[in-house]
Structure formats: structure tokens, C-alpha cells
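Here is the structure we will look at, set down as C-alpha cells.
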Protein chains: 2
Amino acid sequence: MKRIFDVRPWHVTTTDWNPANKRLQESMTSLGNGNLGMRGFFEEQYTGDTLPGIYLGGVWFPDKTRVGWWKNGYPKYFGKVINAINFMATDIKINGESVDLAHDQISDFKLDLDMQQSVLTRTVTVHKNDATVQLVFERFISAAQKELVVQRITANNIGDTAATIEIASAVDANVVNEDANYDETFWNVLTTNADQQQATVVAITKENNFGTPRFTVGTQATVKTDLDAVQHEQTDTKAVNDFKGQLAAGAHTVFEKRTIIVTSRDYASQAELEQQMVKLSQQVAQESYDQLFAAHRNVWAARWEKSDVQINGDDAAQQGIRFNLFQLFSTYYGEDSRLNIGPKGFTGEKYGGATYWDTEAFAVPVYLGITDPSVTRNLLMYRYQQLDGAFHNAREQGLKGALYPMVTFDGIESHNEWEITFEEIHRNGDIAFAIYNYTRYTGDESYVLNEGSRVLTEMSRFWADRVHFSKRNHKYMIHGVTGPDEYENNVDNNWYTNYLAQWTLKYTLATVAKVTPAVAAKLQVTEQEKQQWQDIVDRMYLPEDKELGIFVQHDGFLDKDIEPVSSIPADELPINQHWSWDKILRSPYIKQGDVLQGVWDFIDDFTPEQKKRNFDFYEPLTVHESSLSAAIHSVLAADLKYEKQAVEMYERTSRLDLDNYNNDTDDGLHITSMTGGWLAIVQGFAGMRVRDGQLHFAPFLPQKWDSYQFRQLFRGRIIKVKVDQNGTQISLLSGEPLTIDLAGDQVKLTK
Amino acid sequence: MKRIFDVRPWHVTTTDWNPANKRLQESMTSLGNGNLGMRGFFEEQYTGDTLPGIYLGGVWFPDKTRVGWWKNGYPKYFGKVINAINFMATDIKINGESVDLAHDQISDFKLDLDMQQSVLTRTVTVHKNDATVQLVFERFISAAQKELVVQRITANNIGDTAATIEIASAVDANVVNEDANYDETFWNVLTTNADQQQATVVAITKENNFGTPRFTVGTQATVKTDLDAVQHEQTDTKAVNDFKGQLAAGAHTVFEKRTIIVTSRDYASQAELEQQMVKLSQQVAQESYDQLFAAHRNVWAARWEKSDVQINGDDAAQQGIRFNLFQLFSTYYGEDSRLNIGPKGFTGEKYGGATYWDTEAFAVPVYLGITDPSVTRNLLMYRYQQLDGAFHNAREQGLKGALYPMVTFDGIESHNEWEITFEEIHRNGDIAFAIYNYTRYTGDESYVLNEGSRVLTEMSRFWADRVHFSKRNHKYMIHGVTGPDEYENNVDNNWYTNYLAQWTLKYTLATVAKVTPAVAAKLQVTEQEKQQWQDIVDRMYLPEDKELGIFVQHDGFLDKDIEPVSSIPADELPINQHWSWDKILRSPYIKQGDVLQGVWDFIDDFTPEQKKRNFDFYEPLTVHESSLSAAIHSVLAADLKYEKQAVEMYERTSRLDLDNYNNDTDDGLHITSMTGGWLAIVQGFAGMRVRDGQLHFAPFLPQKWDSYQFRQLFRGRIIKVKVDQNGTQISLLSGEPLTIDLAGDQVKLTK
């Protein structure tokens, strides 16, 4: 655990400047608006180790798949997020010498991320060439205008003598990707242009060998300053505006920069793209910094209005959940159904910025609770729109129907480990479950009975082809899979996968029975198919151990040498850093819940005894070496009244990055794991469930907390749930009256 | 099937010149002497597609392991064979223009590999620039002098007018590897030197990042010719001698080149290496071509004396078995215990030229029968000398004892697929079995009771740590393995692996009980270890199906959808070229014998009924997509009196490359599969077994053959076995009288 920021309810703040923590700091102070995002890198020159990453949603490059030994069926390309044109770059000179915190003598450093307003502020006093200048950097990525990033730099001459200040502001296409097969760059510059107050670069992603679209990006920065414009120039790869001025002792100067970034995702032609870029630049130039900021802040205020969680008596826990929701919203707020939630969002390059099953399994339940249904619906639409890719993936494996990818930008699989790419197919059930989850929570059947029925039908066609009938067991089986526990590969009859496949077929049959004749005509599900699906539902093999009273993770699991995690010597943890892969595989240790993932998904389908037996058996074998693991164990522990364990797991998930638990936050934040804190509090501590269209709660208060409260959207209402030592108060903040179930009592909420 | 050479008993010959078959032709006309070898590429300039490969035994480069996703425990480097300094290169000009068969008008082409004498001859008439010149190229790699390669080029002016002939002969370090991560080269040249008749290049393999030794190679070519020396030059990378002469109509000229190749494997310092190179060059310069050739041919004659197999009535079969033995002997004849038998020998770069378990499983039984015991003993010594590497490999997996590598040059694992590297551990039993096989066949216990006991003990320590005790089954199990059937990965309780592990422990216990006190003191096997090993032997789990009467390939195998290979549509075969990897894995189809590999190894341990049931069950599921598969199935079919099937399998294995069955012989020959023909004839058709120190035979004659005969070494004797329609004649060619078992009768052989 490494905590480099102060614990404050709405802020992530530090006054400590340590270059060794630079990348970690950058990850943690990332900003985003769903459309684009950036790490909290310094805008001015910095010669130390840094990852100045800016990433644009949906702008990516298909790089050649790199493997040791090729396997039939491997995808040809691996999609990767590419670092965008750097429009933040500035070179600040004091008395002729560039500010560079890797070397400068400084004082009064303060870095502050305001999560309520989504603004990053940095203050630092630089002592340089006989001058003492305080610099204040502010930046926000507008939540009100998706193409807009605003910067403000204030220089206060707090020394005794006058000082010269120069600011060279650039838009620079010469950027480096950390994630590259070789040291190649990914941008071809189309035009660069600089005039007195503007710098523009239009670039296109370089040609690729896979026929996927290239992306054109226009980036135009407009500067406002009372410094004198001394020079402007454009080179092959960048456009620069130079300003200079003399600052008397005690005087200050303000430098503002508004950058508009437009992409060919939104505009058909380069001409139109450039036209819009210019138009938007002109619009934002007419508004003051304060006006632009107010519009941005108001959007965030509305988000928090629906979603804020307050914890009294535990500031670390309070900061944790706010940081979680802040980073989720920065990554995705449902404005664009072509975008999704990458495991690292816009905060790093690992996992290629692509879409994983994390979205459906972990993010959907959270967004359902705290955003309008349209936000989640767009996540469902994303998959519908990528159905062609899913057909392609199934075809590559010689199978019918649709197989959604493990990793993708465009629907086509782009991961290349056979045991994952080909085998971690439970994703095709998680995506089905998300449709059900949305429908159950919102009561809105319009998706499932239209687009959703198509997605379900094609996934069911896949499952029906992927199972095989074992003649000797008279059962359908699924061989050769990897479950959520990726510390087992290529197993037979993973309970979770088999259960989900069976459930998907059942849900599809029920859905198909309800669609309109027009939709049915499109689906073309034959009677024979329905019979086959029903037969699979009826005769699916689900490994169980009657004696232990548990579902068995997969066929061979109970033959292992089963000893609890507590028997592993401490210096061998985490096992993924200490054990050879084969040892991990044949061990009984579970990376993240597998059977328990299923018990969580279908928590109301099992008896308390079943839940308890499975939790008591599997949790002690679980090493929680996936950032997604703790949350569902917290919810299940709460369900079983294991309150201490539930709270421990909450702490682990909600402050995973703030405390750098996994020692890898310098690479970027664990965005999809940001869902864990909310799940633990709302589903766990408050026991929130939706049963037959009704909200249920059964809250408890963690011992060390004084109280907690959260807001929740449900079918047109916003309700507030407050839990303290006196019990639970649930109030209706907006919307029609609603009857809920509180620990078994029917409670009618009115305003 | 593609047959590009004529069927002749002792020759591989063609008069057909087709550039499309160039690489295939090169593979098939490879030569070698165990120490070095080369493909049958043209020595003169050739601008078409070609792989001019020369490879030196034990000279390799550790290249950075290339993977998609790193797994803990992966080896850091992948060893690869590197193409040696090209000393064959010549540029032949006729009337000023280079001969280049990619473009020239030619006639009377003939390419002939004489397998009896191991010499490659090519004749071609070139019509060029008003001249008609017949060129005759001869080459052999001396079996008598391991550092020597001899070339002779004869130019006959068969045209009507005089012609100018120029021959530029080079030693050239600027060679390309097909197997390279990038397009890098692997040689740093130390010196080049040319004088009137000699060209010398001394080079060292480039630096590597893994601390493995670099190799220095000295290559010195000495030319004899009656052409005029016109020029000699050395550049940074090569040394060239130029000769020229006028050839009257009807006249001819002879150009001879003797190249000596010495390596730092044999000489400690560069100075000594160069000294020896010069000394050897001087020695061979004093002998005539005929003298050098006679010495070489005599070695080959002695080899054939002990090993020749004659088949009457089926020339294709005859050519097949001779080609098999010829290529095996070219690759390995036991002179150097630091060398081994790469799957492609010196004939290509695939599989990196490294050592696999093929050696112990397939080559050892053949070499035992047809070479002096010392040849096989050196294969055993190879593993003993690499014990440190095997310790390293086990340690990397967190396990005790020694794990021999899947792929290696130096004993250290250099393969990088987790399902193979970490899991195909049956190799650690195959190596034990080879020790037993040697001892059983030769009666020589000196290896097993000394070096062998060390190897066995350390492998048993590995097995004892690698098994786990399943509390619920009260059995020892081995989870997470890949058997010989690589179309299954990461399975539990592969019968073959479990059986071999159990057998290895048993054999080690028996061996340890027999060693001298001095050896025992070195082994330090404790009583506790012995008890543990015995307990594992007693309680090893061996999956069986009583109802089917078969051993079960692994735990889940019988749950599959089991349909015979004959049910696969023809256009989907071979499945490894048509099916996605996951489909192959969950199919019941077997790449090469797995349970049947064990039945073959321990053929006398099973009842006829057991053998029949297992063969009848598994063979129909076997796709034989490994070149190693057909031979053992031929032997087992013969054992079961399935004569037709035995002969079919013989044909498939013995002419695999001659008929390019797998359509990949252009990459190089399947050297370790060259063992299959002999196994099929001797173990299969002739039913040869060694039981309690006695040779047994139970021959049958394939229907379409008139007769077959083979020679066999056994405990100081050479015997000849002849089988024809009248029965079997066994005669003693040399050595003391011997009693053998012929189909149940004791027969005493005397000279």
C-alpha cells in the first residue's frame, strides 16, 4: 500500500513533490469527459520519467498480432489505443530558461484534483535565474462540450525584481506510444498551421494492413494572454505560438488556452471536420474561462446530484467511493453508443484501451443505479452495433451465431492467447445477463424485445453449436473453456460457463416467445432450434458435489490438493509474481470469483445454505489477484452477514488505486474496478436488490462508520438511502411515489 | 503426395529441373557428417527462391523469446540454429556472364544423390553467349574428416567454339537466417583473408544478452584448378579467389575446393583455432580428390555393412528405408556427445535445430539396432552432461530435481508455449526409458549404474515433487500436462505421463538399490525419499475404463463427442490446417499416439487383449498429423497381426519426405521421423523384441514384397535376418554364437 495523496472527501491533494511517484501521480490525477481523457502529466517541459498520455475515445490502431507460436484462428490484429496529438505542451521560460521540475529548485508545491468539479490545479513556486515565480496551472476537460479542453496558467512574480516570462504553446503530433511493437509512431500529419493566437494540426492515423478505418483528428488551440506574441511557426509535425512579457515584482499574468479536438468519427470529410473545428474554436473563444467552467461544473453537479455517496466517520472510505464514481463518469457517461469503458479508461495504454466483459459484468449494475437508463442502454447498443464482428468471431472458430470478443474496438476479437481468446467464452453469457439486468432494473422491455432479441438469438445459436452431447453421460457439456478465474485454463465444464449458457438459452427462449411477429420474422428462430435449445436447457451438465453442497468450479477441481490461501507463505504472494504459470494453474487458488461470480449474478436463485456453502468453500481459496474480485465477495459476504469481511473487501476495492494496492497504478487506473465500491455499499451493506420490479433493501452499518447515505435512480425516481446507528431512512427526492421493501417491510415513499 | 525424384534403390535422382520445386529439392539432397551439414542448394549464383543453408552442429544463437503475453517461468531466450559462413559460394561465368539456372537456357539436367557413398552430383549443360558448356558439380561432406567439405566442378566445353570460363570462389559471412526475429545477421567477422588459392574468414557469433557462449568459426577454402588465378580480394565480410581460362572446343577444366571448418567448440583460443584450421587445410591439400573421397566412402561402407535393409519387390519401399537411414547417419553417428539429433537435422531452420524428446523416444531404439553401442551411449551422455540445465528448468517451475527441456541446445529450456514448455513433461520419463532401453538392449549396465543413476534420481525427485496427493481419491495425480498428443493441452492425469512417472520412480528405486556405495554416496537418496517414491508407485492414479477395457488418455477424454476420423469431411483434413485451435482441442482427435505411445514403449507389459482394445479404440481417432505417429502404429498393428494397416503405416513413414506427404519438406527433412521405417520393418514386420536379454523375432512378409532382409547389431554380433515367402533365415555375420527366439523356437546362430 502506497498512499501519496491526502485523504479529503472531495479532493485528491498532495503538497509533496517526489519525481519517483510521477507516473503514479499522473494516473491518479487523470481527467476525462467520456469523449477524451488525459493523464495528469505536467504541461510544461519535464525531462524526468513521465507518460504524457492523451487518448481519444474510439480512435485506435490495429497493430500486427505478436505471438510466439501461431495458432489457427488467432486474430490478425491487436487493437491499441494511440496517444493523441499533444495539445497541452507548453514551454515556460523564466528569465530565458525553461521551467523543468525534474531539475528546478521549487517550493510550495500543491497538486489538487477537485472531484466535485472535475478540475485539476497545480501550484508551484519556481526559484530560477534570480526570479521567484509562482505558477498556477488549471485544466478541465469540458463535460458540457465534448471537444473542448481548457487550460489556464497564471504566473505570479512573487520575487523582488522584475522577471521575463515566455510561454511557447504547441500542438505537437510527434508523440510516442508506450504500447508499440517497435518504436514506430502512429500519426501522419496532414496540415500544420500557426498564426498569432492559434495553432492547428490535422493528422491521420497511419495506414494499416487490416482494412480498418483510419482516423483523422483535427486539433486547434486558441490562446488568450496579455503577453506579447513574439513568434509563431509551423513545422512538419507541430504548430507553436510564442509569447513573452516582462513581469514587474508583484505582478501577474494569465495565459489561457482552449483546445478543440474533432475526429473523423463525427465528420465524414476532412473539409467538414476542419470547418467544424474552426467553428467550435470561434464559439469557445467568445466565452470567458468562468463561463466555460460554469457550464462544465453544472454538468458534474447534476451527475453528483443523482449519485453521490456520503460516508461519515471514515474519510478514507468517503474519498474512495467518490474517486471511484468520479473516474467512472470521466470515462463513460453514455453520450456515445460507439464508445465503451476500457479497463484503464483514458488513463494509460495497457489493455489497449479496448472493451472487455468487465463492462457488462461490473459497470452495468452500477450505471443502472446512478445514471439515467439511457446511459446503460447505450452500453447495450454498443454490442448490438458490433454484432457483425461477433458473427466474424464465431465463424473464425468454425461455429454458428455470434461470439462477442474478449477484447475489441470494433467487435472483432483482437486478443491472442488461445486459452482466453478462444476459451473465455462466458463473456457471451455476461452480455446476455446485462440485457436481463437492464430490463429487470428499468422495467424497460423495448431493448430486449427489439435489438436485444437479436443479440440473444445469435448468442444462443453460438452456444447451441459450442456445447456437445456426451453420449456416455446423456448430458450436454462444454469442454475447453476458461472461466472468470483465469488461473485455470482449458477446463471442462466450468460451472459458471455452463450455468450462464443454459440461462442464456432459457432467457432467449422466453424472449423470443414475447417479440412481435415483425421481430420474429427477422430472427427466424425455427421450431427445431427452439427444441434443440430447450433440450440443452433440460440436459445441461452442471458439476455439483452433493457431499460438500457446492457447485464445482470445473470437472477436475476437487481432485486438487486443496489448501486455503492462508497456507501460502507470505513471501510467495501475490502468486502471479512468484509462481511459474503451471504451478498457478494446477494450484487450487482462484484469481477472482468463478462459481461465486455466478452466485452473485443470480443471488436470488440460491438458498442461503447454498450461498453459504459455496462462499465458505471458495472464498478461502481466492487470492483476489484481479482488481474485479473484491467487490463481489464484499456483496456476498454482506449477504451472508459476514460484515467484517464485507467491509474489508470494500476497503480493498474502493481505494485500490488511491492506495496503489496492486503496485501497478503508474500504468493507469483500474477503471472497471471503480465499480466495486458502489456495489459493495449498495448491494452489499444496504442489501439492495430488485425483485419482481420492486426495490429491496436490508442494510447494515459498518462498525467503524457513523453513517452512510447514497442516492439511487429507479424507474424515474431519485431516492436517498441513509443508514446510521438509528437505522435506515429512505426518502424520495424526485418522481412519483414508490413502495419499496425494507428488510421485509413494505414502505411507501412519497415526497 | 508429390514425388519429384525417381525411385531407385541407392539413389535419389531427377532429370527434371523445375524452379518451383527448388526448396524441396534442396531439402531432399541435403548432406551431412554429424558435425555439419548443408542443404542441396546450388553453389553457383541463383537468383530464384532458394535457402542456401549450411549448419554447424552445436553452433547456435540465443535469441530473445518472442511471445504475445508473457507467462511467469518462460525462458528468456529461444535458441536457434544459425546459417554458417557460406563457403560453397561460386560465381561461374561463361563468356563473361554468370551462370544462373533461374534464367539460363539449359539441357541435360541431372541431380543425383548417391546414398551409398554420400555424394551429391549435378550435371547441367548451359547454353549461353554462343557457348555450350556442360557443368558437373560434385560435393561431399567428409565422414572421415569432420571439418572437411570437398567440392569439384568440371566444365566441359561441348560446343563448337572456344569459351571463356571464369570461376570466382568465395567464403562469405554475409548470410541470412530465415529464422530471425528481425532481419538481423548473427555473425561478426574477425578476419578475412584471400591469397591466390585460399580464402579465409574467421567470424564470431554476435554478442547476446543471455550470457551463453559465443562461437568462433574459422572457414578456410583451398582451391586447386588449372585455370589462371586472376584476382583475389578480401572485403569486410568475405574472401574471394577469381580464376579464368579459355577452353577450346572439346576441352574441359576441373576446379576443386576443399574447405576446412573449425569452431571454438573444439579449440579454446582463436589462435589455436586458426592454427588448426591452417594445419588441416595443409593436410587435405596434400591428398587427391580421389583419396579424400575414398576415405569418406569407406566410412559409409562400414555403416551400411551394419545397417543396410534390403527390400525386394518394392523399389519405393527400398528407396524409402535407405533414405531414412542415410539421413539419420548424416545427422548423427555418435562421434560427439555434445551433439544430438534435431528434428530437421542440418536440413533447415525450423525447430531451431535443437534437441527434442524425439531422440530418446524414436531415435534411440533405431541406433541401438544398427550402430555400435557407443553411438547410443553418447546420446545418453548428452543428457547427463546437461543435468545442470535440467536443474535450472525444474527450479524455474519451483520444483525439485531435474526437468529435461522440451527444446534445447544447452540443457536450458528454450521453448515458449506454456502448454508445452511447462506441461509436456512426459519427456522426463522418455529420457528415463531410453536409459532402460539401452541397458536392456546392450546388456551394458555401466551407464545406468553410474551417470544414469544420477539422471534417474534427479528426474525422480522432480516427479515426486510434481505429483500431488488427491485426498478425496487417496491417489497421487498429475494435473496440468500435455501428453504426446499435442491436440490436447493442460489435461489432468494423462495416462501416458502418469504411467511413465510411476515407471521412472520404480526403475530409479531398482537402480539405486544396485549402485556401488561410492555412487550411492553421491546420489544421497534418503530412506524417506525411497519411501515416498514407493508410496507414489503404489498409489499412482492411472485412468482406466473397465467397460471399454482401455486406458483413458486423460480424465475428461471419454466425455467427448467421440466419432472416428473417418467422419471428418475430407476437405477439413489435415485438421491442423482447417480447424481453429479450440476446436482441435475439444475434438477427440489425436495428433500422434498417446496411450498407444505407452503401449508401444511397454509392449510386453500388456496382454494381447489390452493391446487390441486400446489400439482398436484409439487408432480410429488418430489423425497422424505428427510425422512421428505412423511408425508406432505400424509396429502395434503388426503386433496385432493387422498386416495391411502395418504396411500402410510403413509406407507413410518411410517416404514421408520423399513423397512430401505433409507438404512441408521444403522447410527441411523430418529427420527424427526417419526412424519410423526401420521401426516398422524390424519391430513391426519382423517382430523384433528383446526379452530377458534375448533377441526375439516373429516375422511376416508384407504381401506385395518378395522378400526383405536387414542387418542388426546385438551384443557384439552382426546378424542378418531375411524374410521371404519360404520363411525366415537368420544368420550370424560376425561375433560369438547366439541363441535367439524365432516365433517361439530357440534357434542357435553360429557362423
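Listed here are the pairs A:Lys583/B:Lys71; A:Lys224/A:Lys244; B:Lys2/B:Lys344; B:Lys76/B:Lys344; B:Lys71/B:Lys591; A:Lys514/A:Lys748; which of them are more than 21 Å apart at the Cα?
B:Lys76/B:Lys344; B:Lys71/B:Lys591; A:Lys514/A:Lys748
For segment B:21-163, what % of the accessible area comes from carbon and sulfur atoms, probe 1.4 Å?
It is 43 percent, rounded to a whole number.
Using θ = phi - 60° and the Karplus form 6.51 cos²θ - 1.76 cosθ + 1.60, what ³J(HN,Hα) does each residue of segment B:626-637 get, whole Hz, x for Gly and Pro?
Rounded to whole hertz, the list is 9, 5, 8, 7, 4, 4, 5, 5, 5, 4, 5, 4.
Tell me the carbon and sulfur percent of the accessible area for segment A:585-687, rounded to whole percent, probe radius 1.4 Å.
46
Between the chain alone and the structure with every protein chain in place, find the residues of segment A:57-73 that drop at least 50 Å² of accessible area; heavy atoms, 1.4 Å probe.
Buried-area filter returns A:Arg66, A:Trp69, A:Lys71, A:Asn72.
Filter the trypsin sites (Lys or Arg not before Pro) in segment B:475-535 to those in DSSP coil with at most 13 other Cβ atoms within 10 Å of their Cβ, and list the result.
Filter output for segment B:475-535: B:Lys514.
Using a label point 7 angstrom from Cα along Cα-to-C-beta, what distances in nm, from shortest up, separate A:Asp160 from the other copies?
Label point to label point, same position, other copies: 10.9 nm.
Applying the Karplus parametrisation 6.51 cos²θ - 1.76 cosθ + 1.60 with θ = phi - 60° to the phi angles of segment A:53-65, what ³J(HN,Hα) value in whole Hz is obtained for each residue in order, glycine and proline being reported as x?
x, 10, 10, 10, x, x, 9, 8, 9, x, 9, 4, 4
I need the shape label for segment B:248-392. Rule: rounded when a/c is under 1.5, else prolate if a/b > b/c, else oblate, with a, b, c from the alpha carbon gyration tensor.
Oblate, since a/c reaches 1.5 and b/c is not below a/b.
Can you list residues from other chains, or at least 5 along the same chain, whose modelled amide H is less than 5 Å from the amide H of B:His479?
B:His468, B:Asn493
Where does each of A:278-285, A:87-94, B:71-78 land if you order them by average Cβ count within 10 Å, highest first?
A:87-94, B:71-78, A:278-285
Got the relative contact order for chain A handy, in percent, Cα pairs under 8 Å and 6 or more residues apart?
For chain A, the relative contact order is 12 percent.
Write down the accessible area per residue of chain A in Å², having rolled a 1.4 Å probe over the full set of protein chains.
That works out to 35 Å² per residue.
Which value at 222 nm does the protein assembly as shown reach when only helices count, each DSSP H run of 4 or more adding -39,500 (n - 2.57), with the total divided by all residues and rounded to the nearest 500 deg cm²/dmol?
Computed ellipticity for the protein assembly as shown at 222 nm equals -8500 deg cm²/dmol.
Ordered by residue, what ³J(HN,Hα) values in Hz, to whole numbers, does segment B:106-121 give under the Karplus form 6.51 cos²θ - 1.76 cosθ + 1.60, where θ = phi - 60° and Gly and Pro are x?
9, 8, 6, 6, 8, 10, 9, 9, 8, 6, 5, 10, 6, 9, 10, 10
Residues of B:572-585, mean number of Cβ from any other protein chain within 10 Å of their own Cβ, rounded to a whole number?
If you average over the peptide's residues, the count of other-chain Cβ atoms is 5.
Enumerate the aspartates and glutamates that A:Lys146 could reach by cross-link, defined here as Cα to Cα under 20 Å, with residues fewer than 8 away along the same chain left out.
Excluding near neighbours in sequence, the set is A:Asp114, A:Glu138, A:Glu256, A:Asp266, A:Glu272, A:Glu274, A:Glu287, A:Asp290, A:Glu335, A:Asp336, A:Asp372.
Tell me, what % of the accessible area of segment A:237-289 is carbon and sulfur with a 1.4 angstrom probe?
Accessible surface attributable to carbon and sulfur in segment A:237-289 totals 47 percent.
Is there a simple number for the mean count of other chain Cβ atoms within 10 Å of the Cβ of residues in A:555-562, and what is it?
6
Treat each spin label as a single point 7 Å out from the Cα along the C-beta direction, and report the B:Gln610 to A:Ala295 distance in nm.
8.3
Put the label 7 Å from Cα along Cα→Cβ for A:Asp266; what are its distances to the other copies, in nanometres, shortest first?
In nanometres, ordered from closest: 7.4.
What relative contact order, as a whole-number percentage, does segment B:587-677 give when Cα pairs under 8 Å and 6 or more residues apart are counted?
It comes to 28 percent, rounded to a whole number.
If amide H atoms are built 1.01 Å from N in the plane of the peptide, which residues on other chains or at least 5 residues away come under 5 Å of the amide H of A:Leu247?
A:Ala163, A:Thr164, A:Ile165
Positive end of the charge dipole of chain A (Lys, Arg +1 and Asp, Glu -1 on Cβ, about the Cα centre): tell me which of A:Trp705, A:Tyr55, A:Asn662 has its Cα farthest that way.
Of the candidates, A:Trp705 comes out farthest on the positive side.
Please work out which residue of chain A brings its Cβ closest to the axis of the rotation superposing A onto B, and round that distance to whole Å.
A:Asn490, 2
What are the label-to-label distances in nm, one decimal and shortest first, from A:Thr750 to the same spot in the other copies, with labels 7 Å along Cα to Cβ?
Spacings between copies for this position, smallest first, are 12.3 nm.
For segment A:6-284, what's the relative contact order in percent, using C-alpha pairs closer than 8 Å and at least 6 residues apart?
The normalised contact order for segment A:6-284 reaches 16 percent.
Give the residue from A:Ser470, B:Val375, A:Ala248 lying farthest towards the positive end of the charge dipole for the protein assembly as shown; charges sit on Cβ (+1 for Lys and Arg, -1 for Asp and Glu) and the dipole is referred to the Cα centre.
Among A:Ser470, B:Val375, A:Ala248, the one farthest towards the positive end of the dipole of the protein assembly as shown is A:Ser470.
To the nearest 0.05, how large is the calculated FRET efficiency for A:Ala180 and A:Glu563 if R₀ is 30 Å and r is the Cβ-Cβ distance?
In this case the efficiency is close to 0.10.
How much length, in nm to one decimal, is gained on full extension between B:Ser707 and B:Val230, taken as 0.36 nm per residue of separation minus their Cα-Cα distance?
Here the answer is 165.9 nm.
What is the angle, in °, between the Cα long axis of helix A:315-331 and the longest principal axis of the Cα atoms in chain A? Nearest 10 is fine, range 0 to 90.
Value to nearest ten degrees: 90.
Residues of segment B:392-422 losing 40 Å² or more of accessible area relative to the isolated chain, 1.4 Å probe, heavy atoms only?
Going by heavy-atom accessible area, the residues of segment B:392-422 that drop by at least 40 Å² are B:Gln397, B:Glu417, B:Trp418.
Quick query: amide H of A:Leu36 versus all other amide H atoms, modeled in the peptide plane; which residues come in under 5 Å with a sequence gap of 5 or more or a different chain?
Sorted by chain and number, the residues that satisfy this are A:Gly57.
To the nearest 100 Å², how much accessible surface do chains B and A cover up together, summed over both, with a 1.4 Å probe?
Protein heavy atoms only, the B-A interface buries about 4100 Å².
For the charge dipole of chain A, defined by +1 on Lys and Arg C-beta atoms and -1 on Asp and Glu C-beta atoms about the Cα centroid, which residue among A:Gly598, A:Trp10, A:Ser30 has the Cα displaced farthest towards the positive pole?
The residue sitting most towards the positive pole is A:Gly598.
The values are calculated or read from the model by the stated rules, or taken from the named source; none is laboratory data. Note that the structure is predicted; figures quoted are calculated from it, not measured. We place every Cβ from the backbone using ideal geometry, glycine too, and count neighbours over all the protein chains shown. Each accessible area value is taken on the protein alone, full model and side chains, heavy atoms only, with ligands, DNA and RNA left out. Shrake-Rupley method; radii C 1.70, N 1.55, O 1.52, S 1.80 Å.
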